[in-house]
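Enquirer: Following this message is one structure expressed as structure tokens.
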Amino acid sequence: MIATALVVLLVLVGLSIPVGAALGVLGLILDPLYSMLPLTRAIGELAWSTNNEFLLVAVPLFILLGEVLLRAGFAERMYSAMSLWLSWLPGGLMHANIGASTLFSATSGSSVATAATVGTVAIPQIKRYGYNEPLFLGSLAAGGTLGILIPPSINLVIYGVLTNSSVPKLYLAGIIPGFLLAALFMLVIIISCIVKPSWSGHKIHATWGERFHSLIHLAPPLGIFFLVVGSIYAGLATPTEAAALGVLGALILAAWFRRLTFSMLREAIEGTMKATAMIMLIVIAAAFLNFIMSATGLTDAITSSITGLGLSPGWMLLIIIIFYLVLGCFMETLSMMITTIPIVAPIMLALGYDPIWLGIIIIILVEAALITPPVGLNLFVVQSLRTSGSMGAVIIGALPFVASMFVLLALLAFFPGLALWLPTLFG
Amino acid sequence: MVPATRPFFLSGLNRTAERLSRWAVYFGGALTIASVLVICFDVIVRKFGFSVGGSDELSSYAFAISTSWSLAFATIQRANVRVDVLYQYLPVRVSAVLDWLSIVALGAFMVVLTFYAYDVVATSWAQNSTANSLLATPLYIPQGLWLLGLVWMCLVLTLMLLRASVALVTGRIDEVKAIAGVRSTQEEAAEEAAAGERLVRGQAV
């Protein structure tokens, strides 16, 4: 039964059938093969209840928040403020890349958008200040991945829905690892530039007056962050409600910067609805497949055959890490999460791992997938922002940052408190 | 003469379908923005001790309707997530067959889904079911609108399948690709990057 399901799934996905359709069709095939009762009939009710889930309303709202903020017009000023504060470090503007990405991540739930926006502003500076190109590009691709770890994050909402765990707790758990990863990225840059001083470009000088003056440009993204994340922890709003507050805030900001036009709103809506429809198609198909799999006993069979291997929790974690790294080479990140988490999470929870902690681990693995070839979307985004040069430079430049993700994974494995301390403090 | 006119007829239909799907997306977007306003109002009013309530229920309906209404547009725009590990190395003719197959698979799933979604609406209608909430919404209203989006998606997929089949049989591989080809990661990334550039440049003006 396991083998049949796996083979059918691999064939469907290998034939490049859309992921949502592949999951759905697999469900349709498994039902008559292994079930006494016609389970498919439940698909209508399942699809309605999944599509009508209030927590998932946060998905389009967070996408819309990002789309509006992107167009609200403060990215360039935010970047120059970051460069005034951070460019004295060895590595100069590369720290501004990480800093601006971190701050942008705190308002947007998307990694690709973060890399595209910060990259557009930053890339012209490579030649101007004589930076080492691969490392600079790598810092942009890697910085962008922070978007899904630092709240608000769309991927964490999806994880919360799939595993029935609290999204506010997941958001709290993402904060320390998120900032720690940003710090590790900066450490990578500092070490590289101390070893190879020629990589760090010409110095940029800034006075304290300029620095304090620039702080005003950091206010819009910070304001949105505190509005969204603050309202959740002040007990004012649920994650979905916080997302709605964020969208309203972003619309007001855009109006303030005189960016709120009808055509801007139309573009933002097109992007939002297109992304939401595709995510929900996969979510609905996965919900149907999960129902079929648990009703036919397939889920139990998989779980027990894996736990039957008698692997220790540590080995299992290692296997899961390798599994996601390999899968990340072939699959788009969100569909990878929706497809695998319903199987992976029960296995890991049975071994005694904490669901919140596991969520953060999986998000970091997904981040690594975003900047490892061949399907690392962020790599391609950064590459297409350049006017010349080969893809190889971006890939090589991103490698040291992938290494720092592994450092973070190791730290989380040995000190789970890094993720779990904040949720227990407020929980 | 008939075979020569059929594609023209189809492409006219296709333009109409695309325009309608785009309007459906705007409608979905308007519902989403309306949800934002209703939810924010609810949160702010709650802070002052009043409880309106119902915003979660209404926005959930809006969410369901707006996603199902946007499915067709997303599919026309080839936004479906597909894994192209093998696809990109296949000869163009073979991969065009896979494009055709992917419409068939998506269509099969959507038709089953829509068929049983109809059952849900019909049951709600027959039993006069209302939501278990203060609003006591008659469920057939949001469910019916949601179903409408699914039906539209099925119609659009049928049209896509017809066009792709005609193109495939007559050997116009480029057209099959234009209807249902995989957007490569490069293509997608280039668009994201262009969007990012446009946004930042727009800001400098």
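What follows draws every value from the coordinates through simple rules; no lab data is involved. What you see is a predicted model; the values in this text were computed from it and never measured. Positions of Cβ are generated from backbone atoms using ideal geometry, with glycine treated the same way; all protein chains shown enter the neighbour counts.
Enquirer: If one takes the longest principal axis of the Cα atoms in chain A, at what angle in degrees, from 0 to 90 and to the nearest 10, does the Cα axis of helix A:133-145 lie?
Expert: In chain A, helix A:133-145 runs at an angle near 50 degrees to the longest axis.
Enquirer: Full extension from A:LEU309 to A:ASN164: what is 0.36 nm times the residue separation minus their Cα-Cα distance, to one decimal in nm?
Expert: Values: separation 145, 0.36 × 145 = 52.20 nm, distance 2.65 nm.
That pair, A:LEU309 and A:ASN164, stretches by 49.6 nm at full extension.
Enquirer: Between A:LYS127 and B:ARG172, what is the spin-label point distance in nm, taking each point 7 Å from the Cα along the Cα→C-beta axis?
Expert: Spacing of the two 7 Å Cα→Cβ label points: 4.2 nm.
Enquirer: Straight-line reach from A:LYS127: which aspartates and glutamates have Cα under 15 Å away, leaving out those fewer than 8 places along the same chain?
Expert: none
Enquirer: Then there's this: Place the peptides B:61-70, B:126-135 in order of packing, highest mean first, counting for every residue the other Cβ atoms within 10 Å and averaging per peptide.
Expert: Order by mean packing, descending: B:61-70, B:126-135.
Enquirer: Tell me, what is the percent relative contact order of the stretch A:216-267, built from C-alpha pairs under 8 Å that lie six or more residues apart?
Expert: Relative contact order, the stretch A:216-267: 30 percent.
Enquirer: Give me Rg over Rh for the stretch B:26-149, both radii from the alpha carbons and Rh done the Kirkwood way, two decimal places.
Expert: On the way: Rg = 19.8 Å, Rh = 17.4 Å.
For the stretch B:26-149, the value is 1.14.
Enquirer: I need the phi-derived Karplus couplings for the stretch B:114-126: 6.51 cos²θ - 1.76 cosθ + 1.60, θ = phi - 60°, integer Hz, Gly and Pro marked x.
Expert: Each residue's phi maps through the Karplus curve to give 5, 4, 7, 5, 4, 3, 4, 5, 4, 5, 4, 5, 5 Hz.
Enquirer: In whole Hz, what ³J(HN,Hα) sequence does the stretch B:64-79 give by Karplus (6.51, -1.76, 1.60; θ = phi - 60°), x for Gly and Pro?
Expert: Karplus-based 3J(HN,Hα) across the stretch B:64-79 equals 4, 5, 5, 5, 5, 6, 8, 4, 4, 4, 4, 6, 4, 7, 6, 8 Hz.
Enquirer: Now for a different question. Using 7 Å Cα-to-Cβ label points, what is the A:LEU349/B:SER51 separation (nm, one decimal)?
Expert: Here the answer is 2.9 nm between the modelled labels.
Enquirer: Take peptides A:90-101, B:149-160 and line them up by average Cβ neighbours within 10 Å, highest first, as a rough protection proxy.
Expert: Averaged packing, sorted descending, gives the order A:90-101, B:149-160.
Enquirer: Using a 10 Å Cβ count of at most 16 others and DSSP loop calls, identify the longest part of chain A lacking such trypsin sites (Lys or Arg not before Pro).
Expert: So the longest stretch without any such site is A:1-202.
Enquirer: Which whole number gives the average, over all residues in B:57-64, of C-beta atoms from other chains lying within 10 Å of the residue C-beta? Can you show the working numbers first?
Expert: Values: counts 2, 0, 7, 8, 3, 2, 13, 10.
Partner-chain Cβ atoms within 10 Å, mean over residues of B:57-64: 6.
Enquirer: Counting only other chains, what is the mean number of Cβ atoms within 10 angstrom of the Cβ of each residue in peptide B:27-38?
Expert: Per residue, the number of nearby Cβ atoms from other chains is 6 on average.
Enquirer: Where the centre of each part is set by its Cα atoms, how far does the stretch A:205-282 sit from the stretch A:73-90, in angstrom?
Expert: Answer, in whole Å: 19.
Enquirer: Okay, next question. What are the extents of the Cα atoms of the stretch A:110-217 along their three principal axes, in Å, largest first?
Expert: 50, 32, 24
Enquirer: Please find the FRET efficiency linking A:PHE257 to A:ALA413, where r is the Cβ-Cβ separation and R0 is fixed at 35 Å, and quote it to the nearest 0.05.
Expert: My answer for the efficiency is 0.20.
Enquirer: With axes computed from alpha carbons, what is the tilt in degrees of helix A:19-34 against the longest principal axis of chain A, rounded to the nearest 10 within 0 to 90?
Expert: With rounding to tens, the tilt is 20 degrees.
Enquirer: Continuing with the same structure: Using each residue's phi in the stretch A:366-375, evaluate 6.51 cos²θ - 1.76 cosθ + 1.60 at θ = phi - 60° and report the 3J(HN,Hα) Karplus result to the nearest Hz, with x for Gly and Pro.
Expert: So the Karplus estimates, Gly and Pro as x, are 5, 4, 4, 4, 5, 10, 10, x, x, 10 Hz.
Enquirer: Mind telling me which of A:ILE148, A:ILE252, A:ILE232 comes out most flexible in a GNM of chain A, alpha-carbon contacts under 10 Å?
Expert: Comparing A:ILE148, A:ILE252, A:ILE232 in a Gaussian network model of chain A, the most mobile one is A:ILE252.
Enquirer: Obtain the nm distance between the two label points defined at B:ALA34 and A:ILE29 by a simple spin-label model: each point lies 7 Å from its Cα along the Cα-to-C-beta direction.
Expert: 4.1
Enquirer: Sticking with this structure for a sec: So who's got an amide H within less than 5 Å of the one on A:TYR131, skipping anything under 5 residues away but keeping other chains? H placed 1.01 Å off N, in plane.
Expert: none
Enquirer: Which aspartates and glutamates, if any, have their Cα less than 15 Å from the Cα of A:LYS274, not counting same-chain residues under 8 positions apart?
Expert: A:GLU67, B:GLU18, B:GLU188, B:GLU191, B:GLU192
Enquirer: Please pull out the direction-averaged projected area of the stretch A:38-114, using the convex hull of its alpha-carbon atoms, in nm² to one decimal place.
Expert: Mean projected area of the Cα convex hull: 7.3 nm².
Enquirer: Skipping prolines and chain starts, which residues have an amide H placed within reach, meaning under 5 Å, of the one on B:THR130, given they are 5 or more residues away or on another chain?
Expert: Here the answer is B:LEU139, since their amide H atoms fall under 5 Å of that of B:THR130.
Enquirer: To continue, here is another question. Taking 0.36 nm per residue of separation and subtracting the Cα-Cα distance, what length does fully extending A:SER294 through A:ILE396 add?
Expert: Taking A:SER294 through A:ILE396 to full extension adds about 32.4 nm, to one decimal.
Enquirer: Still on this structure, I have one more. Helix B:2-47: angle to the longest alpha-carbon principal axis of chain B, degrees 0 to 90, nearest 10?
Expert: That works out to roughly 30 degrees.
Enquirer: Hey, with R₀ at 35 Å, roughly what FRET efficiency would B:LEU134 and A:TYR233 work out to, going by the Cβ-Cβ distance, to 0.05?
Expert: E between B:LEU134 and A:TYR233, to the nearest 0.05, is 0.80.
Enquirer: Could I ask something else about it? Between the alpha-carbon centers of the stretch B:17-90 and the stretch B:132-189, tell me the distance in whole angstrom.
Expert: Centre-to-centre (Cα) distance: 16 Å.
Enquirer: I need to check one value: relative contact order of the stretch B:32-180, counting alpha carbon pairs closer than 8 Å and at least 6 residues apart, in percent.
Expert: 30
Enquirer: Cβ neighbours within 10 Å, averaged per peptide: list A:404-413, A:371-380 in order, most packed at the top.
Expert: Those peptides, ordered most packed to least, come out A:371-380, A:404-413.
Enquirer: Does the protein assembly as shown classify as rounded, prolate or oblate by the C-alpha gyration tensor (a ≥ b ≥ c root eigenvalues; a/c under 1.5 gives rounded; else a/b over b/c gives prolate, otherwise oblate)?
Expert: Rounded, since a/c falls under 1.5.
Enquirer: Still on this structure: Looking only at other chains, what is the average number of their beta-carbon atoms within 10 angstrom of each beta-carbon in A:234-247?
Expert: So the per-residue partner count for this stretch is 4.
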